[in-house]
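Following: one structure in structure tokens, then a few remarks.
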Amino acid sequence: MNENKEVLAEVKNLRKSFPVNKGMLWRRRSGAVRAINDVSFNIYKGETLGLIGESGCGKTTLSRIMMGLTDATEGEVLYKGQQVGAGAPSAFRKEVQMIFQDPYSSLDPRMNIRRIIEEPMRIHTKLSARQKLDRILFILEKIGLDEDALERFPHEFSGGQRQRIGIARALVLQPELLICDEPVSALDMSVQAQILNLFKQLQQEMKLTYLFISHDMSVVKHVSDRVMVMYLGRIMELAPKRKLFGNTLHPYTSALMSAIPLPNPELRRARTLLEGDLPSPLNPPAGCPFQTRCPKAQAVCRTRMPALQEAEKDHFVACHLYSGEAGA
Amino acid sequence: MNMLLSVRNLKTYYRSGSSVVPAVDGVSFHLRKGEVLGIVGESGCGKSTVARSLINLLDKSNARIEGGEVLFHGEDLMKQSRKAWSRIRGKKISMIFQNPQSALNPVYTVGDQIAEALTVHQKMSRKEARDRVVELLKLVGIPEPESRLTNYPHEMSGGMQQRAMIAIALACHPEIVIADEPTTALDVTIQAQILALMDRIRAQFQMGMILISHNMGIVAEMCDRIMVMYGGVVVEEGETAAIFAAPSHPYTKGLLASIPSLDEDRDTLYAIPGSVPRLTAPVGHCRFAGRCAYAKSKCWESEPPLIEGENGHRSRCWLMEAPDRGHDDERE
Ligand SMILES: Nc1ncnc2c1ncn2[C@@H]1O[C@H](COP(=O)(O)OP(=O)(O)OP(=O)(O)O)[C@@H](O)[C@H]1O
Ligand SMILES: [Mg+2]
């Protein structure tokens, strides 16, 4: 299925650690948080790749590296075959845009909506005033806001409307890849549905590719073509949506699904509750990071991290249960 | 009988500049012993204001209870003195907040804070208090409780802090626990642990619980009855199974249809048009009318009362009143 697809972005053996300083006097380097640990995957043109995981799994760090906002410690990110980061070609800066979680803090309160949407074009293009206005009006219509919104300021809008404005700002440069970091988490339920529908509609109309990050499994399932599950800086499972949900391989993915309260009282079910807390990324367990909470952990899991491998066609999993190393 | 709490026509308004926000505008409900009542609704619909009114924790500078009564053991909580409240809050009725960081005191150890909750209401020796604290920490599933006694809140993870908060809330075996978004700040796997814990303890001590959430999944799993709020009023109330199987208010229907589902595939979600309006008192129409596909002129002329249907199911919608309720939902 993926062979004939065009690769838009490639992430190769990415690592990112943040040094953690302790001790006031000499700022001794006492360790490092490994936010991203040997992560590799592709994003194909036109798809929505969903990324799901709990706090500390590296979601936001990954998106910042992909945007070129943070440098990787090791490995690389290629966009259309070219390296992302400082000195990336200007095409990259236009074609890859980001949508943030918080529609309140991500818009400058002193700018009116016209300025907010216009700003990226002033920085990245040489369009005339007329051309800019045409684009603004085009985008405004796409995202479902009236023209009279232009002269108003962010505080005059609801959360859902502000998220629409954030989307407009990201779309005005006609990007190809949109990195969406928890774009609906701050929204109310009824507004969340509007914005999710808008994402789908825009994708069809503007041929967009999304990396869609969320902690909400149902949202990820709704929007994605493929889904990637991360835990403590590592990819645990990556598969087309139907395979990931229909034939879940990794015990962590199963646990995540079992933990979600379903809005259907008839489905109240016996859960497999995970014991214990998420380990600290400062001091991750040896071997597989999930072994401390995994109901299926075996001896090998405590010493060696399993590689991410293709257990079935297009279905990748990093778990010794499928590596032939653990007795099933 | 086993009625624990009965709230009648509670009104709590906030003054904000020159306008008056009818945050809670005539809310009535009851809670039985051992029952879990869910309050759901979107941000700003008044859930937390209901909770803070019940437990007398409103911001006195701009919040005012405009009316209503809250009967607890036959006494109106709205008429209690400050002194009386200090014997009720924490002992008879306690509260679990969304954000354990802000509810726990950063300068005291967790052990001290739980001990304080115990000794405010009961006399006991230091040794007794310590033993009780260890017992409580064990009850809420904190491993190695003896060594956790001396932890400060920041030395614990979010999930642990929330367990400690639950321990404080339960210290005196209250009859009612009000939990306002108790797991919203937590990761899903930790949320599942905390919900299971709350459910186990509630059953063990036969407490009544009011669980506030904006998450339909959580109330579906935890609650016996559900109250759906919109714009400061209850728009629908009923048994959990009935709310989900046969919602009657257009808002509830819309909400349920707008949730992306894990067990089915839908290409587009139903989306309630518009957004939650900012209301000012007094409100003389159905608060949902501006977003409702079925709104007719009557809905703009007067606000519907909660109309009672079968099995105590109540819905604040003029459509309920029609002799034939032939408004089969074309959105479903
Ligand atoms: N201290 C306050 N001063 C003024 N207005 C307030 C205050 N607290 C709440 N409000 C207003 O009262 C209404 C109800 O707020 P409340 O916090 O009870 O809602 P909620 O249902 O708990 O929302 P959320 O889901 O966001 O917690 C809102 O319009 C809110 O803006
Ligand atoms: Mg609240």
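The values are calculated or read from the model by the stated rules, or taken from the named source; none is laboratory data. Owing to the predicted nature of the structure, the values given are computational and were not obtained by experimental measurement. Here the Cβ positions follow ideal geometry from the backbone for every residue, glycine too, while neighbour counts run over all protein chains shown. Accessible surface areas use protein heavy atoms only, side chains included; no ligands, DNA or RNA. Shrake-Rupley method; radii C 1.70, N 1.55, O 1.52, S 1.80 Å.
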- How much of the accessible area of the protein assembly as shown, in percent, comes from carbon and sulfur atoms when a 1.4 Å probe is used? 49
- Item | Candidates per trypsin sites (Lys or Arg not before Pro) in segment B:48-89, loop by DSSP, up to 14 other Cβ within 10 Å | B:Lys60
- Once every Cα of the protein assembly as shown carries one equal point scatterer and solvent is ignored, give the base-10 log of I(q)/I(0) from the Debye formula at q = 0.11, 0.12 Å⁻¹, two decimals. -1.26, -1.44
- Note on the structure: Sorted largest first, the C-alpha extents of segment B:129-223 along its principal axes in whole angstrom are 37, 28, 16
- Task: Determine the total buried accessible area between chain A and chain B, counting protein heavy atoms only with a 1.4 Å probe; round to the nearest 100 Å².
- Result: 3600
- List the lysines whose Cα lies under 20 Å from the Cα of A:Lys80, skipping any in the same chain that are fewer than 8 positions away. A:Lys5, A:Lys12, A:Lys45, A:Lys94, A:Lys207
- Message: Placing one identical point scatterer on every Cα of segment A:146-208 and ignoring solvent, what is log10 I(q)/I(0) from the Debye formula at q = 0.20, 0.23, 0.29 Å⁻¹?
- Response: -0.86, -1.10, -1.37
- Message: Could you compute the net charge surrounding B:Met95? Neighbours are other residues with a C-beta less than 9 Å from the C-beta of B:Met95; K and R count +1, D and E count -1.
- Response: +1
- Query: Within segment B:146-172, what residues put their amide N at less than 15 Å from the label point 7 Å along the Cα-to-Cβ vector of B:Lys138?
  - Reply: B:146-149
- Item | Positive-pole candidate from B:Asn151, B:Leu104, B:Asn2, dipole of the protein assembly as shown, charges at beta carbon | B:Asn151
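How big is chain B by the Kirkwood estimate over distinct Cα pairs, in Å? Intermediate values should be presented prior to the final figure.
Details: mean 1/r = 0.0472 Å⁻¹.
Radius from the Kirkwood sum: 21.2 Å.
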- Message: How big is segment A:50-116 along each principal axis, measuring the range of its Cα positions in Å and listing the largest first?
- Response: 40, 33, 21
- Query: Rg (Å, one decimal) plus Dmax (Å, integer) for the alpha carbons of segment B:200-332?
  - Reply: 15.9, 51
- Task: For B:Trp300 and B:Asp267, calculate 0.36 nm times their separation in residues minus their Cα-Cα distance, and state this gained length in nm to one decimal.
- Result: 8.5 nm
- Task: Indicate the residues belonging to segment A:277-299 that lose 30 Å² or more of solvent-accessible heavy-atom surface (probe 1.4 Å) upon moving from the chain alone to the assembly of all protein chains, ignoring ligands and nucleic acids.
- Result: A:Asp277
- Item | When segment B:36-161 is reduced to its Cα atoms, the Kirkwood hydrodynamic radius in Å | 16.9
- Loop sites in segment A:71-144: trypsin sites (Lys or Arg not before Pro), DSSP, at most 15 other Cβ within 10 Å: A:Arg110, A:Lys126
- Query: Considering lysine pairs in segment A:221-328 that are 8 or more places apart or on different chains, how many have Cα atoms under 16 Å apart?
  - Reply: 4
- List the GluC sites (Glu not before Pro) within segment A:136-202 that fall in a DSSP loop (any state other than H, G, I, E or B) and whose Cβ has at most 11 other Cβ atoms within 10 Å. A:Glu151
- Task: Determine the distance separating the Cα centre of segment A:160-218 from the Cα centre of segment B:1-74; give it in Å without decimals.
- Result: 36
- Query: Can you give the mean number of other chain Cβ atoms that lie within 10 Å of the Cβ atoms in peptide B:238-246?
  - Reply: 2
- Task: Whole Å is fine, so just give me how far the alpha carbon centre of segment A:253-277 lies from that of segment A:74-134.
- Result: 39
- Item | Compactness of segment B:178-259, expressed as Rg and Dmax over alpha-carbon positions, Å | 13.3, 37
- Query: Quick one: ranking B:Phe288, B:Phe244 by accessible area, 1.4 Å probe, largest first, what do you get?
  - Reply: B:Phe244, B:Phe288
- Message: Which residue, B:Leu269, B:Ala257, B:Pro305, has the largest displacement toward the positive end of the dipole of segment B:229-327 when charges sit on each Cβ (Lys, Arg +1; Asp, Glu -1)?
- Response: B:Pro305
- Mind listing P(r) for segment A:109-213? All alpha-carbon pairs, 10 Å bins, whole percents. 14, 48, 34, 3
- Query: Compactness ratio of segment A:200-328: Cα Rg over 2.2 N^0.38 Å, N = residue count?
  - Reply: 1.15
- Task: Note the direction-averaged projected area, equal to a quarter of the hull surface, for the Cα convex hull of segment A:32-147, in nm².
- Result: 9.7
- Message: Quick check: net charge around B:Cys299, other residues with Cβ under 12 Å of its Cβ, Lys/Arg +1 and Asp/Glu -1?
- Response: +2
- Can you pull the three principal axis extents for the Cα set of segment B:216-286, in Å, largest first? 42, 30, 18
- Largest first and in whole Å, give the semi-axes of segment B:1-98's equivalent ellipsoid, each being the square root of 5 times a Cα gyration tensor eigenvalue. 22, 16, 13
- Can you list residues whose amide H is under 5 Å from A:Tyr44's amide H, if they're 5+ apart or on another chain and H is modeled 1.01 Å from N? A:Leu8
- Query: Counting only heavy atoms of protein chains, what accessible area per residue, in Å², does segment A:63-185 have with a probe of 1.4 Å?
  - Reply: 47
- Query: Whose amide H sits under 5 Å from the amide H of A:Arg304, counting only residues 5 or more places off or on another chain, with H placed in the peptide plane?
  - Reply: A:Cys288
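Between A:Leu127 and A:Arg268, what is 0.36 nm times their sequence separation minus the Cα-Cα distance? Round to one decimal in nm.
Using 0.36 nm per residue and subtracting the Cα-Cα distance, I get 45.1 nm.
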- Message: Using the Cα atoms of segment A:85-150, I'd like the radius of gyration and the largest Cα-Cα distance, Dmax, both in angstrom.
- Response: 13.2, 39
- Charge dipole of segment A:132-188 built from unit charges on the beta carbon (Lys, Arg +1; Asp, Glu -1), centred at mean Cα; most positive-end Cα among A:Gly160, A:Pro183, A:Val172 is A:Val172
- Query: Against the longest principal axis of chain B, how steep is helix B:188-205, in degrees 0 to 90 to the nearest 10, with axes from Cα atoms?
  - Reply: 80
- Message: What distance in nm lies between label points placed 7 Å from Cα along the C-beta direction at A:Thr303 and B:Ala245?
- Response: 5.5
- In sequence order, calculated HN-Hα J values of segment B:67-72 (Karplus, 6.51, -1.76, 1.60; Hz; x Gly/Pro): x, x, 9, 10, 8, 9
- Neighbour net charge for A:Val184 - beta-carbon separation under 14 angstrom, K R +1, D E -1: -2
- For A:Thr70, the residues 5 or more places away or on another chain with a placed amide H closer than 5 Å to its own amide H are A:Ile65
- Distance from segment A:290-328 to segment B:122-182 (C-alpha centre basis), Å: 37
- Note, segment B:3-11: 3J(HN,Hα) by Karplus (6.51, -1.76, 1.60, θ = phi - 60°), whole Hz, Gly/Pro = x, goes 6, 9, 9, 9, 10, 10, 6, 5, 10
- Task: Any chance you could give the angle, 0 to 90 degrees and rounded to 10, that helix A:189-206 forms with the longest Cα principal axis of chain A?
- Result: 80
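Based on the inverse mean of 1/r over its pairs of different Cα atoms, what is the Kirkwood hydrodynamic radius of chain A, in Å?
The answer is 21.3 Å.
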